[in-house]
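Everything below concerns the one structure shown next.
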Amino acid sequence: MLSHNLLEFCEMPSDWEFWKNFCLSFLEKCDEIMVFKMEGWDKSRGVAEEIKFAEEKGIKVTYKDVD
C-alpha cells in the first residue's frame, strides 16, 4: 500500500498493526488490487494480509512481475 511512502516524510511506526486499519479502509473501496512482485513481496506480512482481505471480500487480485 502507499503507507511506506509516508515514512519518508514523517517518523512513525512501520509495522502492520499500526497501518492495518489505514490500508484496509482503502482496500475495501477497490475493485482490484495489483501486487507487484518486487523483491521481498512474498515475505511481507502486510501484503499477505491485504491479499487475504481482498480474496475474502471478492476483490480481484492481479500479480505483476517486476523486471
Any lysines with Cα under 23 Å of the Lys43 Cα? List them, leaving off those in the same chain fewer than 8 positions away.
Lys20, Lys52, Lys57, Lys60, Lys64
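Across the chain, where is the longest run that never hits GluC sites (Glu not before Pro) in a DSSP loop with at most 11 other C-beta atoms within 10 Å? Don't skip to the end; give the middle numbers.
Values: sites that count: Glu8, Glu11, Glu28, Glu39.
Longest stretch, sites excluded: 40-67.
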If one compares the long axis through the Cα atoms of helix 16-27 with the longest principal axis of the Cα atoms of the chain, the angle in degrees, nearest 10, works out at 50 degrees
Taking 25 Å as R0, compute the FRET efficiency from the Cβ-Cβ separation of Glu8 and Asp31 and round it to 0.05.
0.30
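Can you give me the convex hull volume of the Cα atoms of the chain, divided per residue and expressed in Å³?
Details: hull volume 6.3 nm³, N = 67.
Hull volume normalised by residue count: 93 Å³.
Each reported figure results from applying straightforward, stated rules to the coordinates on display, with no laboratory input. This is a predicted model, so every value here is computed, not measured. All Cβ positions, even for glycine, are placed from backbone atoms using ideal geometry, and neighbour counts span all protein chains on display.
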